[in-house]
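**Q** Mind having a look at this structure? Questions to follow.
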Amino acid sequence: MAEQSVRESIQGQSFNDVLNELHAHTFSGAPGESDPFTLSELEREMIAYALAIYYQCEHCQHYHGHAIERLRREQAHTNPWNWQAELVKIVLFLRISRSNVSAIEWKGWVEVWRRFAQRIHHQQPGIACNIAYAIGIARADEPLMELTFESLSRQYPDQQTLLGVIRDIDRVVVFMKAATSKNRTDPIVRRQLKGQGVLI
């Protein structure tokens with residue numbers, strides 16, 4: 001096959017346009033089109049950053065990390081805390097799955113998790129449980145989703161607010177699962193295609 005010199009996306013421009021629109025609906029909002037957000041943009045970006053760590057996507061970590069720094073700078077009263085290190089700890093905690101530990105280990109994990117989540121809550125209210133619920137959705141982990149839904153229900157007693165929070169979390173998960181897969185595999189696909197003389 002003759003070598004092509006056209007640089008374009010692997011998925012095609014139409015697909016990328018849809019992905020960009022989905023990004024807007026998930027994070028910044030598309031004026032006149034997006035449903036209203038319940039969680040702040042900072043909270044949604046922190047969930048995305050944690051999912052990027054979970055899925056080991058450096059591109060997404062870089063992108064959403066910069067977004068968090070920008071949003072924190074824009075806030076008038078931002079608490080000084082090492083948010084990156086704390087989000088890494090949250091993800092490390094959430095690598096544990098109920099199916100991989102004994103009943104006594106799970107009970108111990110839940111106790112330690114609750115203390116840890118409460119400590120994080122003082123820095124960024126609700127973020128540990130929001131991330132836990134997101135990771136629960138991402139890996140279809142029902143015990144984790146049940147545990148964190150209980151906490152979310154207490155934090156957001158109004159039904160419509162709770163629904164809005166769940167929607168915001170779910171949208172971030174749906175977007176990030178697609179984005180992290182794309183960003184992690186595009187370099188591999190490009191290398192494979194280049195081996196056949198196709199440059200994209």
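What follows draws every value from the coordinates through simple rules; no lab data is involved. From a predicted model like this one, the values you see are computed outputs, not experimental measurements. We place every Cβ from the backbone using ideal geometry, glycine too, and count neighbours over all the protein chains shown.
**Q** Would you please calculate the Kirkwood hydrodynamic radius of the stretch 1-92 over all C-alpha pairs and express it in Å, rounded to one decimal?
**A** 15.4 Å
**Q** OK, next. Any idea how far apart Gln192 and Glu58 come out in nm if each label point goes 7 Å out from Cα toward Cβ?
**A** The answer from the label model is 2.1 nm.
**Q** Here's a follow-up. Once phi is turned into ³J(HN,Hα) by the Karplus curve 6.51 cos²θ - 1.76 cosθ + 1.60 with θ = phi - 60°, what whole-Hz value does each residue of the stretch 139-152 show in order, with x for glycine and proline?
**A** Using θ = phi - 60°, the values come out as 10, 6, 9, 4, x, 5, 4, 5, 4, 7, 4, 4, 5, 4 Hz.
**Q** What ³J(HN,Hα) values, in whole Hz, does the Karplus curve 6.51 cos²θ - 1.76 cosθ + 1.60 give for the stretch 154-168 when θ = phi - 60°, with x put for Gly and Pro?
**A** Per residue, the Karplus-derived 3J(HN,Hα) values read 6, 6, 10, x, 6, 4, 5, 5, 4, 4, x, 5, 4, 4, 4 Hz.
**Q** Calculate the FRET efficiency for Ser153 and Ser102 from the Cβ-Cβ distance with a Förster distance of 25 Å, rounded to the nearest 0.05.
**A** Approximately 0.35, to the nearest 0.05.
**Q** Also, quick follow-up: How long is the gain from Lys89 to Thr185 if the chain were fully straight, where each residue apart is worth 0.36 nm and the alpha carbon distance is subtracted? Kindly include the intermediate steps, with their values, before the conclusion.
**A** Details: separation 96, 0.36 × 96 = 34.56 nm, distance 2.57 nm.
Once the chain is fully extended between Lys89 and Thr185, it gains 32.0 nm.
**Q** If you wrap a convex hull around the Cα atoms of the stretch 39-196, how much volume per residue is inside, in Å³?
**A** For the stretch 39-196, the hull spanned by Cα atoms encloses 125 Å³ per residue.
**Q** Also, quick follow-up: Report, in debye and to the nearest 20, how large the dipole of the stretch 39-196 comes out about its Cα centre when Lys and Arg carry +1 and Asp and Glu carry -1 on their Cβ.
**A** Charge dipole, the stretch 39-196, about its Cα centre: 540 debye, nearest 20.
**Q** Within the stretch 119-167, list the trypsin sites (Lys or Arg not before Pro) lying in a DSSP loop whose Cβ has at most 16 other Cβ atoms in a 10 Å radius.
**A** Those that pass, being in a loop and sparsely packed, are Arg139.
**Q** If the rule is a partner Cβ under 4.7 Å, which cysteines in the chain fail it?
**A** Unpaired cysteines in the chain: Cys129.
**Q** Moving on to the next point. For the stretch 23-117, run through the trypsin sites (Lys or Arg not before Pro) and keep only the ones in DSSP coil with at most 10 other Cβ atoms within 10 Å of their Cβ. Please report the intermediate quantities before stating the final value.
**A** Working: sites: Arg44, Arg70, Arg72, Arg73, Lys89, Arg95, Arg98, Lys107, Arg114, Arg115; in loops: Arg95.
Counting only loop positions with at most 10 other Cβ atoms within 10 Å, the trypsin sites (Lys or Arg not before Pro) in the stretch 23-117 are Arg95.
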